[in-house]
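Let me begin by presenting the structure, written as structure tokens, before commenting on it.
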Amino acid sequence: MTSILRVENIVKSFGPTRAVDGASLDVDKGEVIVIIGPSGSGKSTFLRCINALERVDSGRIMVDNEVLDSGGRNIHDIRLEVGMVFQQFDLFMHMTVLDNLTLAQRVVRKKTMAEAEQTAFQYLGRVGLQDKAGAYPAYLSGGQKQRVAIARALCMNPKIMLFDEPTSALDPEMIGEVLDVMKGLAQGGMTMLVVTHEIGFAREVADRIAFFESGKIIECGPTAEILNSARHPRTMEFLSKVLK
């Protein structure tokens, strides 16, 4: 199967610190990869490089066979294909849920208001929030805000979805509703890279798990293999703590 995403030996430094240090990963269409590892290991920076929020110092990123230009000339085109959901919801608080979902569609995708609203209601239905279209984010729970953020990303019709610890800012009782939406996306064939500490989600949904340490992917393999019989001592040590 041809990779929809290919990351080749990318390096990203902040001053003397190499946040990502020669990481490589191939992702097939429809594949779900969960990225785990300790805090500060480069997981989030890795995702931000894929979405061109951070410009790599070296290496190559290809999205659907198009190389992300190091000079930034095709960043806009790449971002249209790669949706991203962050830890914080980043919704426009002065705008209704519907306006949050239609803005980028109209400005970037050049849709009419009617077209944008139709798409918005479609994806609000998918995340179970059609009845909140007229609400402002301040009146939503954390889980609802994150589901709106997911719907907003889906409205742009991306080929790949990146999730950067999407449940880390949520109260425990709200985590399940967001993970259920993500499970539905995975079952629907969405290509997904997910940075998370939710090992139960990884066990249920992920095709592969990649373990980050010091900016490197030091182990990557099928989910059951990594969780049950990881080979690298550092992966084993990490999992021994999070699987308790």
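The values are calculated or read from the model by the stated rules, or taken from the named source; none is laboratory data. Since this is a predicted model, take the numbers as computed values, not measurements. We place every Cβ from the backbone using ideal geometry, glycine too, and count neighbours over all the protein chains shown. These accessible areas exclude ligands, DNA and RNA; they are computed on the full protein's heavy atoms, side chains included. Shrake-Rupley method; radii C 1.70, N 1.55, O 1.52, S 1.80 Å.
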Please go through region 206-228 and pick out each residue that is farther than 17 Å from Val242 by Cα and surrounded by 21 or more Cβ atoms within 10 Å (Cβ to Cβ).
Gly215, Ile217
When residues of region 172-192 are filtered for being free of Cβ contacts under 8 Å to residues at least 60 places away in the same chain and either buried (at least 21 other Cβ atoms within 10 Å of the Cβ) or not charged (D, E, K, R) (or both), how many remain?
12
Flag for Lys159 being closer than 26 Å to Cys49 by Cα, of a type in the set (D, E, K, R) and either without any contact (Cβ under 8 Å) to a residue 60 or more places away in the chain or open to solvent by 60 Å² or more (accessible area, probe 1.4 Å) (or both)
yes
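Can you give me the number of residues within region 193-205 that are open to solvent by less than 40 Å² (accessible area, probe 1.4 Å) and closer than 14 Å to Gly37 by Cβ?
6
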Are any residues in region 1-43 charged (D, E, K, R) and over 17 Å from the mean Cα position of the chain (by Cα), and if so, which ones?
Glu8, Lys12, Arg18, Asp21
With respect to the numbered conditions (1) over 16 Å from Leu47 (Cβ atoms); (2) more than 14 Å from the chain's Cα centre (by Cα), which one is the sole condition not fulfilled by Lys183?
(2)
When you go through Ala120, Ala169, Ala149 one by one, which is the residue that is under 24 Å from Ala52 (Cβ atoms), open to solvent by less than 30 Å² (accessible area, probe 1.4 Å) and either in contact (Cβ under 8 Å) with a residue 24 or more places away in the chain or among the polar types (S, T, N, Q) (or both)?
Ala149
If I filter region 69-102 down to residues being open to solvent by less than 60 Å² (accessible area, probe 1.4 Å) and among the hydroxyl-bearing types (Ser, Thr, Tyr), which single residue comes out as farthest from Met182 (Cα to Cα)?
Thr96
Quick one: would you say Arg234 is at negative phi and without any contact (Cβ under 8 Å) to a residue 24 or more places away in the chain?
yes
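Determine whether Ile33 is closer than 22 Å to Met190 by Cα and among the β-branched types (Val, Ile, Thr). Walk me through how you get there before you give the answer.
Working: closer than 22 Å to Met190 by Cα: yes; among the β-branched types (Val, Ile, Thr): yes.
When the stated conditions are applied, Ile33 passes them.
Residue by residue, here is whether (1) among the hydroxyl-bearing types (Ser, Thr, Tyr); (2) at pLDDT 95 or above; (3) on the phi > 0 side of the Ramachandran plot; (4) part of a loop (DSSP other than H, G, I, E, B) holds:
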site: Leu193; (1), (2), (3), (4): no, yes, no, no
site: Gly200; (1), (2), (3), (4): no, no, no, no
site: Ile209; (1), (2), (3), (4): no, yes, no, no
site: Phe212; (1), (2), (3), (4): no, yes, no, no
site: Glu219; (1), (2), (3), (4): no, yes, no, no
site: Ala224; (1), (2), (3), (4): no, yes, no, no
site: Lys241; (1), (2), (3), (4): no, no, no, no
site: Lys244; (1), (2), (3), (4): no, no, no, yes
Restrict the check to region 131-140 and report whether at least one residue is hydroxyl-bearing (Ser, Thr, Tyr) and either over 26 Å from Arg48 (Cα atoms) or free of Cβ contacts under 8 Å to residues at least 12 places away in the same chain (or both).
yes
